[in-house]
Amino acid sequence: MSKTPLLDQLESGPWPSFVTDLKRIAAKKPQVLDLLGQLERSYQEKITHWKHGGIVGVLGYGSGIIGRYSDLPDEFPGVEHFHTMRINQPSGWFYTTAALRQLCDIWDKHGSSVMNLHGATGDVIFLGCRTENLEPCFAELTAAGWDLGGSGSTFRSPSCCVGPARCEWSCYDTMEACYEITQEMQFDLHRPSYPYKYKIKFSGCPNDCVAAVARADLSVIGVWKDDIRVDQSAVQAYAGGELKPKGGGAHVDKLDVQADVVGLCPTYCMSYDGKTLKIDDRNCNHCMHCINMMPQALRPGTETGAAILLGSHAPILEGAQLSWVIQPFMVMESPYDEFKELNSRITEWWAEHGKNRERVGELILRLGMREFLEAAELPPAPQQVRIPRANPFFFWNQSDFDAEAKGRKYYQTEGFDVE
Amino acid sequence: MSERKTDIGPPHYEQFLPPIIKENYGKWKYHEIPEPGVLKHVSESGAELYSVRAGASRLISTDFVREVCDLADKFCDGYFRFTSRNNIEFLLTDKARIEPLKKDLKELGWPVGGTGHSVTSIIHTQGWVHCHTPAIDASGPVKAVMDDLFEYFGSHQLPAQVRIALACCINMCGAVHCSDIAMCGVHRTVPKIDHQKLRHLCEIPTTIASCPTGAIRPHPDKSIKSVVVNEPRCMYCGNCYTMCPALPCFDSEKGGVALLVGGKVSNAKSPPAFSRLAVPYIPNNPPRWPETVETIRKILIKYAEGANKWERLGEWIERIGWEKFFEVCDLPFTFQHIDDYKFQAYETYRTSMHFKF
């Protein structure tokens with residue numbers, strides 16, 4: 001009789017089965033047989049059988065390894081130690097088969113052969129390493145050119161969308177920015193020195209394919225400042241049905257340019273007279289809807305960069321937040337000095353003022369947006385808010401009065417007084 | 001030890017890019033989706049790149065990865081990538097290779113799809129296979145839901161794309177809080193304090209500070225160096241357990257699945273939005289979580305029937321109103337649906353006469 005009657009029920013059905021995949025590994029790796037045994041027990045009892053944490057790691061690093069121990073080690077000795085290793089992924093999750101086979105070889109040798117491609121933050125995840133195998137596994141990984149990613153209260157492995165490698169909408173080089181910032185931040189990535197986790201994600205356009213606005217403390221989202229590029233003959237081809245909406249990715253065969261594009265523009269900044277599509281670009285809010293609908297007719301402009309947003313995190317602890325705009329536009333070009341400097345002003349302020357396990361977005365809510373913006377040397381801008389405050393409870397600092405005394409209207413930040 | 005390498009970072013991506021991408025980097029002009037699961041990108045140079053997308057589990061073995069590698073060697077000169085939603089993409093320059101690749105994928109049982117107006121792969125967390133705080137499993141419910149919605153993975157028949165996510169507890173490592181449909185594992189048990197363990201394992205001030213609702217106090221009997229929990233104030237977040245292993249809040253019977261709906265991250269038409277509570281609790285029912293699967297299908301079908309073309313699930317609900325959503329989907333509205341947690345609560349209360357009966 002099968003030892004895993006409940007898990008066996010996940011072997012049927014059309015979607016690929018992780019149970020079938022793990023079972024064939026279990027034939028070679030006794031720890032995976034125990035992993036399935038313990039998982040079956042959880043399916044019976046509806047409760048986890050992993051113990052709380054445990055500090056393990058490789059020499060000199062305080063991150064990249066998450067300790068994991070079974071609470072049933074006598075029954076399932078193979079998973080007594082079953083630590084996680086996070087390996088920093090390459091930009092855009094591109095691989096050669098040679099590189100991935102090398103990772104597989106290392107993992108078959110030192111671990112359970114079970115992995116994720118990829119974890120929620122973006123890393124390659126190796127699941128199931130014994131403590132004594134961590135250091136040899138790490139040594140082989142670095143010898144092959146790979147390094148660990150972040151975990152705990154560190155700078156986490158940044159991730160990015162496919163960007164200019166395979167997308168016509170990317171407003172900056174997400175792949176290069178992700179790589180360069182990851183290299184710049186190696187010390188903070190491997191040594192916990194922050195109040196809590198800190199993530200950066202790079203999306204090339206407001207479609208935000210890596211969910212930067214929801215999943216990164218610092219969200220870098222590509223945007224253009226000039227006009228949407230329009231190919232009027234292609235607009236006609238969409239209107240005539242020769243080209244399919246969304247490149248064919250929709251349930252609709254023929255686009256109604258007036259109803260589906262112009263009529264759904266959130267700013268009503270477009271018009272179409274049956275011949276020419278007109279866009280009032282100064283009133284476009286860069287939502288991407290029209291471009292998504294007609295990818296052969298419309299493209300983002302050429303004066304491009306990124307908006308910088310800050311603060312998002314999942315509900316722990318003060319409730320989920322989305323990132324908000326702190327700088328509406330930044331030119332994103334190597335060596336990314338402006339971005340690196342802003343990033344270090346943010347992390348320094350947060351490291352100084354943040355409480356243990358307080359995300360940067362929560363700290364800003366606690367201390368106030370003004371205090372943050374002044375520390376980050378960012379002037380107030382209407383793009384930062386959806387609407388201004390409705391209450392009269394605003395503060396005046398000495399710097400505001402000093403600016404007034406100097407005959408200036410308002411204080412914005414050092415060097416940015418409004419005359 | 002002198003040869004020990006550290007802080008080298010990930011390998012440079014350029015060595016992993018196929019020649020066609022190196023040649024056309026930043027020069028892509030437009031894309032098409034000729035059929036579900038196949039993307040065609042055309043460069044300003046006229047070069048054409050075909051990406052064939054296939055669904056996979058997130059929890060995989062090196063055997064599986066080697067099979068992917070064999071296919072990529074056979075069809076793509078050894079180059080391929082993964083998407084942000086754990087799909088595999090085979091990168092082809094020769095259009096004629098698409099059909100043979102699809103045939104091989106079919107034989108291996110890897111579905112082609114996940115593009116355009118589909119239900120693409122579910123992003124998820126570890127669950128019982130690797131995590132110490134889950135209320136539910138992750139890979140199991142994901143497999144059960146994808147089996148059930150399989151027809152939507154390989155087709156473009158929905159009003160817009162539908163992004164489903166699963167987090168096995170409210171820590172939401174999978175950041176499911178902005179998904180069209182989110183499954184979230186919930187605990188419903190107040191921490192069971194192990195006073196003996198607590199005095200040896202935990203720092204009392206940090207344990208008290210970890211509670212977002214201020215429900216934890218020092219034990220009134222000072223000779224017992226421990227804490228007490230004000231039970232009515234506990235909403236089972238497990239944050240205290242993260243700080244102090246002597247406060248487990250697990251329970252075989254009371255844990256389950258909450259469903260949240262209507263979130264998105266894209267800016268297209270409407271701004272990014274959080275998912276909102278649709279169903280506060282569905283019993284934990286391994287191995288296939290039938291009640292969860294059935295409720296998700298019901299919401300998806302009602303959305304597909306009711307939404308205008310191009311409307312995301314949340315945009316449909318916003319248009320018809322949440323009171324209609326609960327009516328149409330035949331879901332009960334409960335006290336749990338009304339927010340009473342901190343700063344976000346007020347903005348969810350209705351302050352207008354704009355509602356329906």
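No lab work stands behind these numbers, since they all come straight from the coordinates. It should be emphasised that the depicted structure is a prediction, and the values quoted were computed from it without experimental measurement. Neighbour counts are summed over all protein chains in view; Cβ atoms, including those assigned to glycine, are modelled from backbone coordinates with ideal geometry.
Would you mind calculating the relative contact order of the range B:87-180 from Cα pairs under 8 angstrom and at least 6 residues apart, reporting the percent as a whole number? Don't skip to the end; give the middle numbers.
Working: 129 pairs, mean separation 30.0, N = 94.
Here the relative contact order equals 32 percent.
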key: Choice from B:Ala307, B:Ala96, B:Ala209 with maximal GNM fluctuation in chain B (Cα, 10 Å cutoff)   = B:Ala96
message = I need two numbers for the range B:1-160: Rg to one decimal and Dmax as a whole number, Cα atoms only, in Å.
response = 17.9, 60
key: In Å, descending, principal axis extents of the Cα set of the range A:57-99   = 41, 27, 15
inquiry  = What does DSSP give for the protein assembly as shown in terms of the percent of beta bridges that are antiparallel, rounded to the nearest 5?
reply    = 85 percent
ask   = Using alpha carbons only, how many degrees (0 to 90, rounded to 10) separate the axis of helix A:131-143 from the longest principal axis of chain A?
value = 50 degrees
inquiry  = Could you tell me the center-to-center distance, by alpha carbons, between the range B:69-92 and the range B:115-143 in angstrom?
reply    = 22 Å
inquiry  = For chain A, report the % of Cα-Cα distances exceeding 34 Å.
reply    = 46 percent
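In Å, the Kirkwood hydrodynamic radius of the range B:281-329 over pairs of distinct alpha carbons?
11.8 Å
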message = Per q in 0.17, 0.19 Å⁻¹, report the Debye log10 I(q)/I(0) for the range A:154-252, using one uniform scatterer on each alpha carbon and no solvent.
response = -0.83, -0.94
inquiry  = For chain A, give me every cysteine whose Cβ has no other Cys Cβ within less than 4.7 Å, ordered by residue number.
reply    = A:Cys104, A:Cys129, A:Cys137, A:Cys167, A:Cys171, A:Cys205, A:Cys265, A:Cys269, A:Cys284, A:Cys287, A:Cys290
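Rounded to two decimals, what is Rg over Rh for the protein assembly as shown when you use alpha-carbon atoms and the Kirkwood radius?
Values: Rg = 25.8 Å, Rh = 27.2 Å.
With Rh from the inverse mean 1/r over Cα pairs, Rg/Rh is 0.95.
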ask   = Distance from the Cα centre of the range B:332-357 to that of the range A:186-222, in angstrom?
value = 31 Å
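Expressed as cubic angstrom per residue, what is the convex hull volume of the alpha carbon set of the range A:210-310?
Values: hull volume 10.7 nm³, N = 101.
So the per-residue Cα hull volume is 106 Å³.
Going through the range B:1-106, which trypsin sites (Lys or Arg not before Pro) have at most 14 other Cβ atoms within 10 Å and a DSSP loop state? Show your work: numbers first, answer last.
Details: sites: B:Arg4, B:Lys5, B:Lys22, B:Lys27, B:Lys29, B:Lys40, B:Arg53, B:Arg58, B:Arg66, B:Lys74, B:Arg81, B:Arg85, B:Lys95, B:Arg97, B:Lys102, B:Lys103, B:Lys106; in loops: B:Arg4, B:Lys5, B:Lys27, B:Arg58, B:Arg85.
Within the range B:1-106, the qualifying trypsin sites (Lys or Arg not before Pro) (loop, at most 14 other Cβ atoms within 10 Å) are B:Arg4, B:Lys5, B:Lys27.
Rounded to a whole number of µm²/s, how large is the Stokes-Einstein D of the range B:236-357 at 37 °C and 0.692 mPa s, given Rh as the Kirkwood radius over C-alpha pairs? Mind showing how you got there, number by number?
On the way: Rh = 16.7 Å.
Using the Kirkwood radius from Cα pairs, D works out to 197 µm²/s.
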query = Kirkwood hydrodynamic radius (Cα pairs, Å) of the range A:343-403?
reply = 13.2 Å
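Between their Cα atoms, which of B:Lys95/B:Lys264; B:Lys40/B:Lys102; A:Lys199/A:Lys355; A:Lys3/B:Lys143; A:Lys254/B:Lys106; A:Lys201/A:Lys246 are more than 22 Å away from each other? List each step's numbers first, then the result.
On the way: B:Lys95/B:Lys264 33 Å; B:Lys40/B:Lys102 15 Å; A:Lys199/A:Lys355 17 Å; A:Lys3/B:Lys143 20 Å; A:Lys254/B:Lys106 30 Å; A:Lys201/A:Lys246 25 Å.
Cα-Cα > 22 Å for B:Lys95/B:Lys264; A:Lys254/B:Lys106; A:Lys201/A:Lys246; rest within.
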ask   = According to the Cα gyration tensor, what semi-axes, each the square root of 5 times an eigenvalue, does the equivalent ellipsoid of chain B have, listed from largest to smallest in whole Å?
value = 42, 29, 19
ask   = Could you list log10 I(q)/I(0) for the range A:246-363 at q = 0.12, 0.17 Å⁻¹, which the Debye formula gives when each Cα is one point scatterer?
value = -0.68, -0.95
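I need to check one value: relative contact order of the range A:1-131, counting alpha carbon pairs closer than 8 Å and at least 6 residues apart, in percent. Let's see the in-between values first.
Details: 189 pairs, mean separation 25.6, N = 131.
Contact order relative to length: 20 percent.
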Zero-based 5 Å bins, Cα pair distances in the range A:5-143, whole percents = 2, 9, 18, 21, 21, 15, 9, 4, 1, 0
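Residues with beta-carbon under 12 Å from that of B:Lys298, excluding B:Lys298: net charge, scoring Lys, Arg +1 and Asp, Glu -1? Please list the in-between numbers first.
Numbers: positive: B:Arg297, B:Lys302; negative: B:Asp148, B:Glu291, B:Glu294, B:Glu305, B:Asp330.
Once positives and negatives cancel, what remains is -3.
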remark   = One finds the C-alpha centres of the range B:24-50 and the range A:340-419 to be spaced, in Å, by 44 Å
